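Quick notes on the structure that follows.
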Amino acid sequence: MASKPCVVFVPTPGMGHFIPHVELAKKLVFNHGLSATFIIPSMGPPPKAQMEILESFPEGINYVILPPVRFSDLPDNSRAETRFILTVSLSVSSIRDEVSSLVGSTRLIALVVDLFGTDVFEVAVEFKMQKYIFFPCSAMSLSSLFYFEKLHKVVSCEYRDMPKPFQIPGSRVLVNGRDLPDPVQDKKNDAYKWFLHNAERHYLSDGILLNSFADLEPETVQVLQKREYGQPPVYAIAPILYSGSRAGLDESECLKWLDDQPRCSVLFVSFGSGGTLSLEQLNELAMGLELSGHKFLWAIKSPDKTANASFFNAQSNKDPFDYLPGGFLDRIKGRGLLVSSWAPQVQVLSHSATGGFLSHCGWNSTLEGIAHGVPFIAWPLYAEQKMNAVLITEDLQVGLRPKVNENGLVGREEIARLVKALMQNEGEASNIPQRINTLKEAAARAVSNDGASTKSLKEVVDLWKNKPN
């Protein structure tokens, strides 16, 4: 038997889900004397970015990529969430085989799945492993997932058509139905059925590891830890942040350029690994950044009609620079830097020249912005990002949210107005720097040696180690 007990991770597809699982595994290996094995369901060949991370795994973390699943009868327009869940569900037999192959060579103590991977619990039961969910989103999102069962029973219309906002237990602000996660916005869509299925199965877990921390969402974490829904124990262990880096031309160009800029003078613009804008919106953003008169670093992707078009492949298929307004690059020379598709986000956010973050409000990006004390322009695109935007702008009050015009676009004047307010700490943004710095300090405190999140994770590890198989 191997000396180090093993935790098996089964992430669902998408880099936004995969990376926090990897970072959690590193903590378990480096700080708690465990080993980890990733069993990775797939839809096809892994993206280049994922392979780079897999190939850089430290000693103590192993992986196997499962054969791709085939969606023979799935409509082409099926939502990403449906594909995630089915990818895992159709891989259960392969996951069982891989877990079985580990028996005898190591002590298997826990199975950790994503919020969309609860169908794998049957494997944990079979091999007498403790079954945990790593919930890579906010406490507000987790509370809404449990509250969703009540909404499902009492709300007859589509949530986006609800006439009044409502309160998610633990939240300090009201939420409109239209700001609930995308997969629940169409009750006739299969994604709605699968979302409800996984929400119900959260109750079958032995515990939920939450990528948030008590000082960030105090009331919501408290509600969850009191188990007011009758759900399993919730352990707030955040922030779990990306620690790796990807070398390359863009990275050195970005950081070199930032080195030459004044402190807090640059707005970082990024819609994450999956977010894309329409051609019309891309042009409005370009013109708005130009109008603002402020410096910016923009990780730009080719436009697409679908907001999460690049979710499974962060590289643009065409040159995004071809879609910019005529003469734009010449006019912003020296004031703006554009990089194609990807920028080293952690390094950019931690750079002294970065003073603002125009973000799609993915939860990983949100935590990274908070941990580095960078205020937001909150521009949500898909998934649960609208709820994160509510949290950022209305509850935490560390960002501004643009208003959409009658054409469904954020206009250039609105963009310029918000950039000026944020970068100049004026008007509605005047108190944001103080608030974001308070949260930055709280994030560092949470994961310090004696921090609440550090203690919470140790509590879970002790449970795993000490419970007999």
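The values are calculated or read from the model by the stated rules, or taken from the named source; none is laboratory data. Everything quoted here is computed from the prediction, not taken from an experiment. For neighbour counting, all protein chains shown are included, and Cβ atoms are generated from backbone atoms with ideal geometry for every residue, glycine included. Calculation scope for accessible area: heavy atoms of the full protein, side chains included, ligands and nucleic acids excluded. Shrake-Rupley method; radii C 1.70, N 1.55, O 1.52, S 1.80 Å.
Of all aspartates and glutamates in the structure, the ones whose alpha carbon falls short of 17 Å from that of Lys4, not counting any fewer than 8 places away in one chain, are Glu59, Asp462. Computed over protein heavy atoms with a 1.4 Å probe, the accessible surface of the chain works out to 41 Å² per residue.
From the square roots a ≥ b ≥ c of the eigenvalues of the alpha-carbon gyration tensor of segment 310-459, which class results: rounded (a/c under 1.5), prolate (a/b over b/c), or oblate?
Numbers: a/c = 1.77, a/b = 1.51, b/c = 1.18.
In terms of gyration-tensor shape, prolate.
List, in the order given, every pair from Lys131/Lys440; Lys164/Lys386; Lys26/Lys440; Lys153/Lys188; Lys420/Lys440; Lys305/Lys386 whose Cα-Cα distance in the structure shown is over 20 Å. Over 20 Å Cα-Cα: Lys131/Lys440; Lys26/Lys440; Lys420/Lys440.
Between the alpha-carbon centres of segment 44-99 and segment 158-176 there is a gap of 34 Å.
Do any trypsin sites (Lys or Arg not before Pro) in segment 222-300 lie in a loop, going by DSSP, with at most 12 other beta-carbon atoms within 10 Å of their beta carbon, and if so which? All intermediate terms of the calculation are to be shown ahead of the outcome.
Values: sites: Lys226, Arg227, Arg246, Lys256, Arg263, Lys295; in loops: Lys226, Arg227, Arg246, Arg263.
The qualifying sites are Lys226, Arg227, Arg263.
Taking a Cβ cut-off of under 9 Å around Gln130, the surrounding Lys, Arg, Asp and Glu residues balance to a net charge of +2, with basic ones at +1 and acidic ones at -1. Along each principal axis, taking the top coordinate minus the bottom one, the Cα set of segment 1-107 gives 47, 27, 18 Å in descending order. Between the residues Val346, Gly33, Leu329, the greatest Cα displacement towards the positive end of the dipole of the chain, with unit charges on the Cβ of Lys, Arg, Asp and Glu, is found for Gly33. Measuring max minus min along each principal axis, the C-alpha atoms of segment 391-449 give extents of 50, 22, 15 Å (largest first).
Roughly speaking, to the nearest percent, how much of segment 103-230's 1.4 Å accessible area is carbon and sulfur? All intermediate terms of the calculation are to be shown ahead of the outcome.
Values: 2520 of 5070 Å².
C and S fraction of accessible area: 50 percent.
Note on Lys301: aspartates and glutamates with a C-alpha under 15 Å away, same-chain residues under 8 apart excluded, are Asp250, Glu280, Glu284, Asp319, Asp322. Per residue of the chain, the DSSP helices (runs of n ≥ 4 H) give a summed -39500 (n - 2.57) that works out to -11500 deg cm²/dmol at 222 nm. Taking all Cα-Cα distances within segment 15-171, those exceeding 18 Å account for 67%. For the chain, a simple Cβ point-charge model (Lys and Arg +1, Asp and Glu -1, everything else neutral) yields a dipole of about 620 debye relative to the Cα centre. Sort out for me the Cα centre separation of segment 371-406 from segment 250-271, rounded to whole Å. Cα centroid to Cα centroid, the span is 21 Å.
Orientation-averaged projection of segment 108-192 equals 6.7 nm² [convex hull of Cα atoms, one quarter of hull surface area].
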